[in-house]
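Encoded as structure tokens, the structure appears first; notes follow it.
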Amino acid sequence: MPDEKATEPHISNYAPDELVTKAMNAGRGFSGAVHVYTRDEASSKFDYFVRLFEHILSGLKWLLPIEPGSVYFAFVGGGVPFRAARVERDAFVILADPRAINYAMILTSRLQVLGPMARRFKTESVEPTKDYSGMYLLDIAKDLIFHEELVRESTEVNGITTNVFVSLLCYVVCHEYAHIAHGHLDFRLSDDFREFTATQQNRELTARALEMDADASAVTSTFALFEHLFLVDIKPRIPAELVEELTAQYRLQYLLGITLAHLYLDSLAVDHVPKYHPMTYVRFVGFQMVLLKVGESQGIDTDFVEEARKLVADTFVHLSGDVSNLHHPIAANFLVQEGEGELVGEYNELGFYSAAAQLEDEGRRWARLYPILAKFLRGGRLAPPYADPL
Ligand SMILES: [Zn+2]
């Protein structure tokens, strides 16, 4: 019999058994998890996801090396879907629940074969057997996420790209990685932290400022990884006459992934008025602003940023019937009065900049945290220390 182990690609980023045991022994309060899988358990049960994580984390370590310290990932059962934990002074583990990863795959695959998205990517459209008319965006998203059987309607379709799913996951992993690289976990365990957490209000504002930094880093890392992959692996194989079209398609796909990450995290959230991180739409606006800046500085066409949002909104409108039904700011961020005093939702710049203004307090807090965090920095770059919103 051939030795199967020898043909398996090496998984070097999964947490070694002793760290898994440590994470387990530290209890639920530490990881939030009921169970932490060892590498062998995870590989035998969730092989595809293990390889995907291995890939993403290798890319991240190349992009933002951590010094000192090592970063691993491990899969968990129960607890929060994604979390970075410091297991030893210089050993970190990104804990992820494979069920949550599966939900991300379901959401991104199902949406791609619906109306507007199917048309944009020229995939076969598979309309749902269920009627979503009049439903809220988040309720539809949850329905898709938690009813895998509805997704089987579409799994036979050729041409669903994994780029959207991988980008969503990459964004989420990059966010957790930023908490490690930017020293957030070290800061939380330091004496300096106390100064910023004297009251509940202070504690929440500090947490939100750290989340804002992790988000900003996650956007730039996801962008850098996907652009690099395209340049090195994909573009050289594309015939010259298709380069423009396929570049546009590829960029739109990874931006869709980041856009959907916001809806996905919102769908998994228990509390929709979060205290410890900014509201979903404010985070989304932060993502767009960071990406517009990065795109401009690198001479990359940034129209895709808005195209991705619109494509997501249009796909949900396609299901629900009207943008006003969706009750979600990523689809309509502003209410206007029409006719007999009826309020109608629309998407405009005023709504966008009003949300951006909500990051002002976090921006001020960030300016104070910046010099302290600089001491704990293990890799990458902190978001710039200006007190204005991103
Ligand atoms: Zn976070």
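Just so you know, all these numbers are worked out from the coordinates, no wet-lab data involved. Predicted, not measured: the structure shown is a model, and the values here were computed from it. Virtual Cβ from ideal backbone geometry, glycine too; neighbours counted across all protein chains shown.
With the calculation restricted to Cα positions, what are the radius of gyration and Dmax of the range 99-390 in angstrom?
19.7, 60
I want to check the label-to-label distance for residue 249 and residue 162. Put each point 7 Å from Cα in the C-beta direction and report it in nm to one decimal.
Between residue 249 and residue 162, the simple spin-label model gives 1.8 nm.
May I ask what percent, to the nearest 5, of DSSP beta bridges between residues of the chain are antiparallel? Intermediate values should be presented prior to the final figure.
On the way: 13 of 20 bridges.
Approximately 65 percent, going by the DSSP bridge assignments.
Could you list 62, 366 in order of exposure, starting from the residue whose Cβ has the fewest other Cβ atoms within 10 Å?
Working: 62 10, 366 28.
Ordered from fewest to most neighbouring Cβ atoms within 10 Å, 62, 366 come out as 62, 366.
Charges at C-beta only: +1 for Lys and Arg, -1 for Asp and Glu. How large is the resulting dipole of the range 187-342 about its Cα centre, in Debye rounded to 20?
Values: 12 positive and 24 negative charges, 116 e Å.
Dipole about the Cα centre, nearest 20: 560 debye.
Kirkwood-based Rg over Rh for the range 124-250 (C-alpha set), two decimals?
Using Cα coordinates only, the ratio equals 1.12.
I'd like the FRET efficiency for residue 360 and residue 41, computed as 1/(1 + (r/R0)^6) with the beta carbon distance as r and R0 of 41 Å, rounded to 0.05.
0.35
Among the listed pairs 61/310; 142/310; 122/142; 122/235, give every one whose C-alpha distance is greater than 23 Å.
From 61/310; 142/310; 122/142; 122/235, over 23 Å: 61/310; 122/142.
Can you classify the range 58-125 as rounded, prolate or oblate using the Cα gyration tensor, where a ≥ b ≥ c are the square roots of its eigenvalues, rounded means a/c under 1.5, and otherwise it's prolate if a/b beats b/c and oblate if not?
Cα axes put the range 58-125 in the oblate bin.
Report the one residue of 78, 92, 107 whose Cα lies farthest in the direction of the positive end of the charge dipole of the chain (charges on C-beta: Lys and Arg +1, Asp and Glu -1; origin at the Cα centre).
The residue sitting most towards the positive pole is 92.
How would you rank 283, 110, 51, 194, going from fewest to most other Cβ atoms within 10 Å of each one's own Cβ?
In increasing order of surrounding Cβ atoms, one gets 194, 51, 283, 110.
Which percentage, to the nearest 5, of the DSSP beta bridges contained in the range 1-96 is antiparallel?
Details: 8 of 15 bridges.
Of all bridge pairs located within the range 1-96, approximately 55 percent are antiparallel.
Distance in nm between label sites at residue 298 and residue 374, each 7 Å beyond Cα in the beta-carbon direction?
Computed distance between label sites residue 298 and residue 374 equals 2.6 nm.
Set the Förster distance to 22 Å, then compute FRET efficiency between residue 334 and residue 270 from the Cβ-Cβ distance, nearest 0.05.
0.20
Using a/c under 1.5 as the rounded threshold, could you call the range 1-96 rounded, prolate or oblate? The axes a ≥ b ≥ c are square roots of the C-alpha gyration tensor eigenvalues, and prolate needs a/b larger than b/c, oblate otherwise.
Oblate.
Taking the Cα centre of the chain as the origin and placing charges on Cβ (Lys, Arg +1; Asp, Glu -1), which of 181, 123, 294 is farthest toward the positive end of the dipole?
Towards the positive end, the residue furthest out is 181.
First measure r as the distance between the Cβ atoms of residue 198 and residue 322, then evaluate 1/(1 + (r/R0)^6) with R0 = 45 Å and state the FRET efficiency to the nearest 0.05.
The formula returns an efficiency of 0.45 here.
For the range 105-152, what does the equivalent ellipsoid look like in terms of its semi-axes, each the square root of 5 times an eigenvalue of the Cα gyration tensor, given largest first in whole Å?
Output for the range 105-152: semi-axes of 17, 12, 10 Å.
Taking Cα centroids, how far is the range 229-291 from the range 36-109 in Å?
20 Å
Determine the dipole magnitude for the chain: charges of +1 sit on the beta-carbon of Lys and Arg, -1 on that of Asp and Glu, nothing else is charged, the reference point is the Cα centre, and the result goes in debye to the nearest 20.
1120 debye
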